[in-house]
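Just below is one structure, and these are the notes that go with it.
The values are calculated or read from the model by the stated rules, or taken from the named source; none is laboratory data. Just so you know, these numbers come straight off a predicted model, no measurement behind them. Every residue, glycine as well, gets a Cβ built from its backbone with ideal geometry; the counts of neighbours run over all protein chains shown. Surface areas here come from the heavy atoms of the whole protein model, side chains and all, with no ligands, DNA or RNA. Shrake-Rupley method; radii C 1.70, N 1.55, O 1.52, S 1.80 Å.
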Amino acid sequence: MAYASRFLARSKQASLVISQQHHAIPVRAFAKEAATRPVFKGDEMLKGVFTEIKNKFQAAVDILRKEKITLDPEDPAAVKHYANVMKTIRQKADMFSESERIKYDIENETKEIPDARAYLLKLKDIRTRRGLTDELGAEAMMFEALEKVEKDIKKPLLRSDKKGMDLLVAEFEKGNKKLGIRKEELPKYEEKLELSIAKAQLDELKSDAVEAMESQKKKEEFKDEAMPDVKSLDIRNFI
């Protein structure tokens, strides 16, 4: 472990891994939603924003100093622990979870869209932009439901058309039933989403750590030393 600490501590790239990518949370996430906060003027507003970001970032670092993160994305226990640590950070720093972030994006980016088709296209755009996959085929089901409703009403469906939207929702519910999607199980789907994100973040962190160590290995002073197992690293030593 002492070698691992020396190995990584000497690497500028490792410093970036720890200070920039360990949290795997976009900086924008620290300022939960600017649109929902009171607007001040000039320096007072900037001071408030930076103070808030600083405090939230410090809250995140304080938690990471206490938790042992194992860089093993193939270990379900390590992934779950990492996801729980990230959840604690979000709660302490008053930040969005991924599902909350998606909900916020949908609410804000679709509020001015008048028709159902453009709305579904925007949902598809948000899903793609957030790097989410549609493993169940729910997206195709929604477009098929829209086609059916628009064929029945013989015109494009507007979101202001309550009767038409009720028909669409009823078709969605039929499709959800076929796909085995139940509203009461939404928390389970959200947890699955958070775990998949945690696994991807751990995988990225592991890759960055390995790259940093391999870069150090090429240096003369390390050429005769074996590279440590990335899973043995304790990131708390570098924060």
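Within segment 120-134, how many residues are of a type in the set (Val, Ile, Thr) and part of a helix (DSSP H, G or I)? Result for segment 120-134: 2. If only residues of segment 135-155 that are loosely packed, with under 13 Cβ neighbours inside 10 Å and in a loop (DSSP other than H, G, I, E, B) are counted, the one that is modelled with the lowest pLDDT is GLU135. For segment 104-114, taking the residues that are touching a residue at least 24 places away in the same chain (Cβ under 8 Å) and not in a loop (DSSP other than H, G, I, E, B), the one that is least open to solvent (accessible area, probe 1.4 Å) is identified as ASP105. Quick check on segment 64-82: of everything there that is surrounded by 19 or more Cβ atoms within 10 Å (Cβ to Cβ) and in contact with an Asp or Glu (Cβ under 7 Å, 6 or more places away or on another chain), which residue is nearest to ASP203 (Cα to Cα)? In this case the residue turns out to be PRO73. Here SER99 clears all of (1) out of contact with any Asp or Glu (no Cβ under 7 Å at 6 or more places or on another chain); (2) closer than 30 Å to ASP166 by Cα; (3) of a type in the set (Gly, Ala, Ser) except the condition numbered (1).
Residue-level check: of (1) of a type in the set (D, E, K, R); (2) assigned to a helix (DSSP H, G or I); (3) modelled with pLDDT of 90 or more; (4) farther than 30 Å from SER160 by Cα, ARG117 misses just (4). Among the residues making up segment 216-228, those that are surrounded by 12 or more Cβ atoms within 10 Å (Cβ to Cβ) and outside any helix (DSSP H, G or I) are GLU225, MET227, PRO228. With respect to (1) closer than 25 Å to PHE96 by Cβ; (2) of a type outside the set (D, E, K, R); (3) modelled with pLDDT of 95 or more, the lone exception for LEU186 is condition (3).
For segment 87-103, filtering for residues that are open to solvent by 40 Å² or more (accessible area, probe 1.4 Å), within 20 Å of GLY131 (Cβ to Cβ) and either hydroxyl-bearing (Ser, Thr, Tyr) or not in a helix (DSSP H, G or I) (or both) leaves 1.
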